[in-house]
1. For region 110-191, state what percent of all Cα-Cα pairs lands in each successive 10 Å bin, counting from 0 Å until the bin that includes the largest distance.
2. Given the options Ser161, Ser27, Ser255, state which has the largest fluctuation in a GNM of the chain using a 10 Å cut-off (strictly under) for Cα springs.
3. Fewest to most neighbouring Cβ within 10 Å: what's the order for Glu163, Glu207, Glu70?
4. Please get the size of the charge dipole for the chain, origin at its Cα centre, with Cβ charges of +1 on Lys and Arg and -1 on Asp and Glu, quoted in debye to the nearest 20.
5. How long are the three semi-axes of the equivalent ellipsoid for the chain, computed from the Cα gyration tensor as the root of 5 times each eigenvalue, in whole Å, largest first?
6. Give the order of Phe340, Phe141 when sorted by the count of other beta carbons within 10 angstrom, beginning with the fewest.
7. Could you please rank His220, His133, placing first whichever residue has the fewest other Cβ atoms within 10 Å of its Cβ?
8. Among Met320, Met72, Met190, which one moves the most in a GNM of the chain with springs linking Cα atoms closer than 10 Å?
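Bear in mind that the values in this text are calculations on the coordinates, not laboratory data. Please read these numbers as outputs of a predicted model, since none were measured by experiment. Virtual Cβ from ideal backbone geometry, glycine too; neighbours counted across all protein chains shown.
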Amino acid sequence: MKGQTINVRDGPGTAFLVIASANQTESFEVVGRNEASDWLQICCFKGVSGWVSAELVEVTGDVAALTVPEDMPTPPPTPTPGAAAKPGGGLRGVLLYSVANMDADRWELWQYNFASGENKFLKEWRTEVAFSHDYKQVVYFAWPAAMGDKPGIYVANPDLSGERLVILGGEYPSLSPGGDRLSAQGGDTMYILNSDGSGLHPIDAGEYPAWSPVDNWIAHRGCYGADCGLWLTHADSGERQRLTTGGGDGQPAWSPNGQQLAYISKDDGNFELYRINRDGSNKVRLTNEPHSDGLPVWSPDGGWIAFRSDRSGQWAIYVMRSDGSDVRKVIDANVLQYWFWEKMAWRP
């Protein structure tokens, strides 16, 4: 395997249900392929047969020599982000999220208004969104045609006007409390730079950097020797503090007051959501489903957490109270196979 973790699905494509997850230490027998050879059928992984993306695995042998099964699974219809139902309960604010247009094989950025239930397309090829602490800026990864197809990190106004390129490349950006600096990931290394693109320098090894909304600590996933889990690294001193010990922990998301974090973990075999205090105490499991839950983001008042899940057989956005109660479906929202690098953002 090439990546940290991949999904095993019941058919060749991201529209199919996730039936298991595999990590980079595991191997399995490949017994078939689809016509395009971009999905591979595997046999007897954790007691099941399934399909994995060919881009995410390393194969020994000739893929072209594999047979295409005669009884290929039929993909379910692709849900479109339009039929939104207001989840009610006094939810307020606007949620920015990327959705996978399966026909065009691209990301699209959409905006959902909790008060009105309006769901609005914004722009294509924008993803990994995050607001500044004062909600006056939004940062994201994009490769827009209007900017000459320059893939990189961009900063814009909350409505995406005034878009400007900060730096080519990079991913998973997060703004400092003052909005004058940002953290980002490049490969297995985290970097810090000024919001004008200057001053780029590495800060630590790690993934999923998330800058605290109230100070200069950055939450992230990291492995230092055999010590894997979530960590806090100070943006200026480089001091490191441990948060969790789970090798499958990731996607840390700060509460607005900077006192708690929501994150994903595979402690119980599949991706679930947890909450923990910033000092590593009071770990609480928030979800308990046989499928994948991830991409947490807090509401501006800290009372709710939005997340993505395929618990119904299709990917969708859900909300729950910050203690894990009162779970409500918001809207169908499909993902591509790299969903675990996606982010959502919630503003007033």
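1. 17, 50, 28, 5, 0
2. The residue with the greatest mean-square fluctuation here is Ser161.
3. Working: Glu163 17, Glu207 20, Glu70 5.
Ordered from fewest to most neighbouring Cβ atoms within 10 Å, Glu163, Glu207, Glu70 come out as Glu70, Glu163, Glu207.
4. With Lys and Arg at +1 and Asp and Glu at -1, about 980 debye.
5. Numbers: eigenvalues 188, 107, 91 Å².
In descending order, the three semi-axes are 31, 23, 21 Å.
6. By the 10 Å Cβ count, ascending, the order reads Phe340, Phe141.
7. His133, His220
8. Of the options given, Met72 has the highest mean-square fluctuation.
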